[in-house]
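*Asks:* One structure, as structure tokens, below. Some questions next.
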Amino acid sequence: MSREFALPGTRPRWAPDRVVDVEHIKLVLDLDPAGRKVAGTASLTVKVLAAATRYVDLDAVELAISRVAIADRDLSYRHDGRRLRIDLGAARPIGERLTLDITYGGSPRRGLYFIQPDAGYPDKPVQVWSQGQDEDSRYWFPCFDAPHEKATSEVIVTVPRDFFALSNGELIDDKITGERRTLHWRLDVPHSCYLVTLAAGQLGTIEERWRDVVVTYHATPGREAEVRRTVGRTPRMLEHFSATFGVDYPYSRYAQVFVADFIFGGMENTTATTLTDSVLLDERAAIDYDVESLVAHELAHQWFGDLVTCRDWGEGWLNEGFATYSEYVWREHCDGRDAADLELEEWAEAYFGEDSARYRRTIATKLFDEPIDIFDHHLYEKGGRVLHMLRTLLGDDAFWSAIRHYLGKHRLGVVETRDLARAVEEATGKVVDWFFAQWVIDGAGHPELSVEMTWEADAGRAVVTVSQTQKVDATTPLFRLPTTLRFRVGDADLDTAIEIDDVRHRFYVPLTSEPTQMLFDPGRALLAEVKTDKPEPVWIGELTGATLATDRIAAATALARKGGAKVTAALVASMSADAFWAVRGAAAAGLGAIRSEAARDALIRALATETHPRARRAIVKALGDFTRDDKAAAAIADIVERGDASYFVEAEACLALGRTRSPKAAELLPKASERPSFTDVIRQHAWRGLAEARADGLVPLLLTGTAWGRPSQGRRAAANALAQLIRGRRDQGARDVRERLEELLGDRDFRVQAAAIEALNTVGDPSSIPALRRTVERELDGRLRRRAREVIRDLENGAAASGDARRLRDDVDELRTQLGTLRDRLDRLEAPTGEAEAEKKSKKPKDKDKRKKK
């Protein structure tokens with residue numbers, strides 16, 4: 001059930017007033033990496049906007065301000081640790097230009113991060129890097145920290161001699177004096193101050209060109225092959241986005257720098273994206289994994305977010321929704337629509353999960369405590385899906401014409417949702433206010449649809465009944481949904497446009513003969529939860545022959561809920577014959593859901609012949625659905641023991657083995673957990689598999705897995721596994737684990753802290769509330785504070801699941817296994833007489849006795 005997004009005490013947040021326009025930011029800085037200090041001068045050139053302006057207020061958090069001056073003339077100021085009020089000495093007229101020179105220093109706890117090796121991680125590099133979004137630039141230089149203020153910038157930074165330092169724009173100067181090196185960067189295109197960047201350390205450089213644009217990649221020396229493997233297609237992305245968006249890449253350089261311990265996946269600083277070095281691909285990882293969605297996302301921000309920027313954070317979807325949708329645009333271009341459509345399904349799953357388990361909100365909102373609160377699946381994934389629906393509504397030509405107009409009209413400016421709506425109208429003539437009202441501004445949630453599709457042979461027509469079943473309230477509307485019906489008649493797809501705008505509609509579509517496929521919303525463009533009822537042969541027809549892979553995948557999922565010999569045969573055929581690996585994987589998942597002996601045996605055979613690693617991973621995962629099945633467990637255990645060319649197949653096997661509850665899990669998974677792997681993925685899945693197996697004596701092993709010095713991803717997985725093991729328990733052993741999870745709330749690794757909060761939510765013990773409250777009080781990261789407050793609320797309300805939930809899940813698994821066995825027996829009874837007799841004769845009395853004993 002969705003909860004209110006706004007927590008108690010939340011008030012609307014609006015863009016702050018500006019009495020001056022900041023035209024240029026110049027930072028002259030000296031970095032002390034060993035001392036974790038920065039010192040220097042921030043010079044802000046401003047133009048007076050408001051009449052009789054005497055005071056200028058800036059953001060400057062936890063910085064020591066030692067002097068403020070204009071042209072070497074001291075000014076009075078007051079600094080309370082968060083806000084810096086500067087007295088200009090007299091009222092200044094509109095249009096007057098001033099340069100405020102602010103001398104300061106500090107040891108920032110946010111905004112600028114100092115990375116160093118320690119006893120736990122002795123090989124960690126020494127680095128300094130910034131992260132300004134959303135409102136953290138104020139922690140490392142005085143500024144007007146709001147996205148609707150744009151200025152040109154320059155950074156002159158002095159670092160140790162063996163360091164390289166990257167910032168925005170062009171490198172103007174680079175000189176060495178003794179043991180220090182000074183680099184001067186300048187960007188003459190206005191941008192918001194959260195996009196001002198600095199990354200310094202022992203960094204190597206790879207340089208390429210796209211047209212006249214210098215393209216560089218920076219990482220710790222020795223990782224050049226990984227860098228090229230990870231971001232090598234950047235020039236191709238620049239070409240495709242420039243052509244598709246209708247605006248050439250708007251800057252003279254584009255850099256990507258990989259840093260340690262980055263607190264996001266990436267950050268789109270203007271001309272200089274920062275990326276976490278944990279995504280650098282080794283050769284084995286690249287077999288079946290890439291991070292091109294991340295690379296494309298951050299690159300697309302150079303247009304959507306940097307060149308054209310949301311006016312305030314409540315409109316942040318105009319940055320993040322477009323960048324997210326650009327992931328689809330790139331995937332569609334390089335790998336085809338079928339591959340791109342998989343991303344749409346992943347986005348929908350992420351958004352639906354957040355909507356059902358955490359909260360429901362409008363995409364554009366002013367109601368939040370901190371901007372970071374709304375950087376969620378509504379902003380990113382739902383925002384991307386909304387743009388895909390807009391593209392489907394308008395058609396490709398009109399959609400991209402509108403986007404070109406939007407970027408051209410608002411270049412270097414700031415925007416709200418209504419600006420996008422007006423751009424669409426001006427470029428296409430289409431008034432789409434209703435669309436943005438229901439999906440972005442006023443409406444929350446999404447449609448829940450019940451669809452029934454039948455064929456009336458006497459009338460020669462298909463009948464389609466569509467009902468909106470979602471609860472309509474003050475925020476969740478009755479939706480207006482233009483979409484399409486598609487029928488396969490003979491070899492042709494026949495499309496019929498329809499529109500749903502009421503509680504219930506019935507459509508009659510005359511056809512020349514009975515269709516073999518009947519699709520509602522082909523391609524699944526609508527962001528909706530849809531339950532469809534149609535004849536089984538039609539589902540099978542769609543599984544075997546629907547034009548789009550996403551519709552074949554949907555058919556596999558639907559057929560799995562039906563089961564039976566015909567369905568099993570159709571899924572087995574699809575698993576071996578479909579041209580697209582994801583459809584083969586979906587068929588495997590369907591067979592796992594059916595859980596019959598025939599399904600299991602088909603999966604084991606497919607495991608021996610399937611060559612695509614992503615399809616193999618799906619097959620392994622499906623075999624994990626066969627709880628307490630020795631044959632399934634043996635096939636999985638073989639992969640765990642001997643390994644696989646793919647990290648991810650091997651990792652999935654670890655988890656799947658645990659899910660079978662096989663005794664082999666306790667024997668094999670601790671050994672597997674010691675194997676090094678990309679992002680520690682094998683260890684992560686081995687820990688999860690052990691939790692699923694419920695093996696005895698796991699707690700000491702998993703507690704060791706949370707220790708400082710182990711890979712971060714594995715530590716997080718160990719915390720989650722511990723939580724699963726003690727969920728709902730209140731004994732002394734569970735208390736010891738809970739207290740360890742509470743200790744991790746204060747860990748030096750942000751992501752481990754976040755994992756600890758989720759683990760305590762899983763445990764569901766209200767005794768954790770005081771520790772969570774301390775997290776809310778002490779932590780600077782708004783993501784940790786927000787999530788801790790949500791978990792506190794749920795624990796106080798008794799919403800967290802207990803041990804009964806785990807037992808219920810186990811019971812459901814057991815029932816599903818029994819259902820698979822019953823399906824096998826039913827299929828045998830329904831088999832042709834000869835087959836049934838042969839089956840009866842093959843059963844020996846001792847087999848029956850064994851079944852009775854079981």
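*Asks:* Please list, by residue number, every one of the trypsin sites (Lys or Arg not before Pro) in region 156-196 that is coil in DSSP and has at most 11 other beta-carbon atoms within 10 Å.
*Replies:* Qualifying residues, ordered by number: Arg161.
*Asks:* Give the carbon-plus-sulfur fraction of the accessible surface of the chain in %, rounded to a whole number; probe 1.4 Å, heavy atoms of protein chains only.
*Replies:* Roughly 49 percent, rounded to a whole number.
*Asks:* Please work out how much length the chain gains when fully extended from Arg228 to Ala437, using 0.36 nm per residue of separation minus the C-alpha to C-alpha distance, in nm with one decimal.
*Replies:* 70.9 nm is the gain from fully extending Arg228 to Ala437.
*Asks:* What ranking of Arg748, Arg360 comes out by heavy-atom accessible area, probe 1.4 Å, highest first?
*Replies:* Ranked list, largest accessible area first: Arg748, Arg360.
*Asks:* What FRET efficiency do you get for Arg735 and Asp123 if R0 is 45 Å and r is their Cβ-Cβ distance, rounded to the nearest 0.05?
*Replies:* Approximately 0.80, to the nearest 0.05.
*Asks:* Counting GluC sites (Glu not before Pro) as exposed when in a DSSP loop with at most 15 other beta carbons within 10 Å, what is the longest stretch of the chain free of them?
*Replies:* After excluding every exposed loop site, the longest remaining stretch is 284-673.
*Asks:* Further question on the same structure: Would you please state which residues of region 438-464 a label at Glu499 would reach in this model, taking the label point 7 Å out along Cα→Cβ and a backbone N cut-off of under 15 Å?
*Replies:* In region 438-464, the label zone of Glu499 (backbone N under 15 Å from the point 7 Å along Cα→Cβ) covers 438.
*Asks:* Based on the alpha carbon coordinates of region 479-546, what radius of gyration and maximum Cα-Cα distance (Dmax) apply, in Å?
*Replies:* Calculated on Cα positions, Rg and Dmax stand at 12.3, 34 Å.
*Asks:* By how many degrees, between 0 and 90 and to the nearest 10, does the Cα long axis of helix 396-409 differ from the longest principal axis of the chain?
*Replies:* Value to nearest ten degrees: 10.
*Asks:* Projected onto the charge dipole of the chain (+1 at Lys/Arg Cβ, -1 at Asp/Glu Cβ, origin at the Cα centre), which of Ala734, Leu795, Ala606 gives the Cα projection farthest towards the positive end?
*Replies:* Going by the charge dipole, the pick is Ala734.
*Asks:* Please tell me which of these pairs span more than 32 angstrom C-alpha to C-alpha: Lys37/Lys175; Lys124/Lys150; Lys366/Lys534; Lys534/Lys631?
*Replies:* Exceeds cut-off: Lys124/Lys150; Lys366/Lys534; Lys534/Lys631.
*Asks:* Run through the DSSP bridge list for the chain and note the antiparallel percent, rounded to the nearest 5.
*Replies:* The antiparallel fraction comes to roughly 80 percent.
*Asks:* Something else now. Please give me the summed charge of the neighbours of Leu275: other residues whose Cβ is under 11 Å from its Cβ, Lys and Arg +1, Asp and Glu -1.
*Replies:* -3
*Asks:* Which whole-number value in Å² is the accessible area per residue of region 439-586, probe 1.4 Å?
*Replies:* 43 Å²
*Asks:* Which entries of Lys566/Lys621; Lys382/Lys471; Lys621/Lys664; Lys430/Lys531 show an alpha-carbon separation above 21 angstrom in the structure shown?
*Replies:* Lys566/Lys621; Lys430/Lys531
*Asks:* Compute the distance from the alpha-carbon center of region 649-682 to that of region 130-183, in whole Å.
*Replies:* 44 Å
*Asks:* Using Cα centres only, tell me the gap between region 1-37 and region 392-418 in whole Å.
*Replies:* Taking the Cα centre of each part, region 1-37 and region 392-418 sit 28 Å apart.
*Asks:* Please determine, in degrees from 0 to 90 and to the nearest 10, the orientation of helix 317-335 with respect to the longest principal axis defined by the Cα atoms of the chain, where the helix direction is its Cα long axis.
*Replies:* Relative to the chain, helix 317-335 is tipped by roughly 50 degrees.
*Asks:* To continue, here is another question. Post the alpha-carbon centroid distance, region 208-251 to region 433-481, in whole angstrom.
*Replies:* After rounding, the separation between the Cα centres reads 42 Å.
*Asks:* Roughly what angle does helix 681-693 make with the longest principal axis of the chain, taking Cα atoms, 0 to 90 degrees, to the nearest 10?
*Replies:* For helix 681-693, the angle is close to 50 degrees.
The values are calculated or read from the model by the stated rules, or taken from the named source; none is laboratory data. Small disclaimer: the values here were computed from a predicted structure and weren't measured. Positions of Cβ are backbone-derived with ideal geometry, glycine not excepted, and every protein chain shown enters the neighbour counts. To get the accessible areas, we keep the full protein, side chains included, count just its heavy atoms, and leave off ligands, DNA and RNA. Shrake-Rupley method; radii C 1.70, N 1.55, O 1.52, S 1.80 Å.
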